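A short write-up of the structure that comes next.
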Amino acid sequence: MLHAVLSGRGEEAAVTQGAPTDEQPDRRRVGDWAYNRLRVLILNHELTPGTRLSVPALAEQLSVSRSPVREAVLRLIREGLADEVPHRGAVVSHISRTDLAVLYEVREVLEGLAARLAAVAVTDEEVSELEENLQEHEAIVASGDLEAHMDADMRFHAVIREASGNPWLTTYLSQIQGQIRLAMTSTSVTAGAEPALHDHQRIFAAVKGGQAAEAEEAGRMHIRRLREALLNDPPLRDDTGPPPAGARR
């Protein structure tokens, strides 16, 4: 299992699982491996916001050269999961609740589009995946496991994105959802697991039935409700965290 140990003052990330064991592994494959390792650690909140991503230290700890690690860190920066900080280098991003509301504003439109396209292009296999996800999600909601709920939620939307058949849409939504997952390290605001499940069931019914307009509205309403929960929470007005990578206030 992947895990990280924070050394010193908690700024250096030490990853304890080694690189691919081929004697001469392909550089791109090693870069992908390093990127996926770090991304999982960030999204699992094992590398917390502000943690320094030192390329030399990570390369040594991962037992790979610096080049693929540097490429992996640059990908994380482009994805908004890390920031380049003067005199410190790359650190895991802090995504504030204000930033989160802005991300939801964009996500509302894109999730609606993904659901609309999925209603036209969804395959029988993807319908089965969504049905299995909803059944599992029902049991999770009944158990009250918030972390498992978030995982099931992400998997549902991942299938909808893939079912849309639009690779650009899939990429953008995956990046946004990753930033939202990261932001959950610093906020406990939620619109509720049970309402989210009901939203998913409505989206699924429209997608399965080929009802494009209904699927889009259901997808947008689902994200809109989450954004409204953030906007209606009083502490949001005092949130002054830094903007996401590439964003301007």
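Of everything in the range 57-72 that's surrounded by 22 or more Cβ atoms within 10 Å (Cβ to Cβ) and within 19 Å of GLU46 (Cβ to Cβ), which residue is modelled with the lowest pLDDT? Spell out how you get there, then give the answer.
Quick first cut of the range 57-72, residues surrounded by 22 or more Cβ atoms within 10 Å (Cβ to Cβ) only: 58, 62, 68-69, 72.
Narrowing the set further to residues that are within 19 Å of GLU46 (Cβ to Cβ) leaves 58, 62, 69, 72.
Details: LEU58: 87, LEU62: 79, VAL69: 90, ALA72: 92.
Among residues in the range 57-72 that are surrounded by 22 or more Cβ atoms within 10 Å (Cβ to Cβ) and within 19 Å of GLU46 (Cβ to Cβ), the one modelled with the lowest pLDDT is LEU62.
Looking at the range 142-161, which of its residues are touching a residue at least 24 places away in the same chain (Cβ under 8 Å) and either touching a Gly at 6+ places or on another chain (Cβ under 7 Å) or buried (at least 19 other Cβ atoms within 10 Å of the Cβ) (or both)?
Hits for the range 142-161 are HIS149, ASP153, PHE156, HIS157, VAL159, ILE160, ARG161.
What is the residue count in the range 67-83 for residues that are assigned to a helix (DSSP H, G or I) and either touching a strand residue (DSSP E or B) at 6+ places or on another chain (Cβ under 9 Å) or farther than 12 Å from VAL55 by Cβ (or both)?
Applying the first criterion (assigned to a helix (DSSP H, G or I)) to the range 67-83 yields 67-79.
Restricting the remaining residues to those that are either touching a strand residue (DSSP E or B) at 6+ places or on another chain (Cβ under 9 Å) or farther than 12 Å from VAL55 by Cβ (or both) gives 73-79.
Within the range 67-83, residues that are assigned to a helix (DSSP H, G or I) and either touching a strand residue (DSSP E or B) at 6+ places or on another chain (Cβ under 9 Å) or farther than 12 Å from VAL55 by Cβ (or both) number 7.
One line per residue, one yes/no per condition, for (1) closer than 30 Å to ARG29 by Cα; (2) more than 18 Å from the chain's Cα centre (by Cα):
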position: GLU71; (1), (2): yes, yes
position: ARG88; (1), (2): yes, yes
position: HIS94; (1), (2): yes, no
position: LEU113; (1), (2): no, yes
position: ARG116; (1), (2): no, yes
position: GLU125; (1), (2): yes, yes
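Does VAL64 satisfy the criteria of being of a type outside the set (Gly, Ala, Ser), free of Cβ contacts under 8 Å to residues at least 60 places away in the same chain and over 29 Å from ALA196 (Cβ atoms)? Let's see the steps before the verdict.
Details: of a type outside the set (Gly, Ala, Ser): yes; free of Cβ contacts under 8 Å to residues at least 60 places away in the same chain: yes; over 29 Å from ALA196 (Cβ atoms): yes.
Taking the combined requirement at face value, the residue satisfies it.
Among residues belonging to the range 84-134 that are without any contact (Cβ under 8 Å) to a residue 12 or more places away in the chain and part of a helix (DSSP H, G or I), point out the one that is surrounded by the fewest Cβ atoms within 10 Å (Cβ to Cβ).
Pass one, the range 84-134, residues without any contact (Cβ under 8 Å) to a residue 12 or more places away in the chain: 84-87, 124-125, 128, 132.
Imposing the further condition that a residue be part of a helix (DSSP H, G or I) reduces the set to 124-125, 128, 132.
Working: ASP124: 8, GLU125: 10, SER128: 11, GLU132: 12.
Only one residue fits best here, namely ASP124.
The values are calculated or read from the model by the stated rules, or taken from the named source; none is laboratory data. Worth saying up front: this structure is predicted, and the values here are computed from it rather than measured. So basically every Cβ, Gly included, is an ideal-geometry build from the backbone, and we count neighbours across all protein chains shown.
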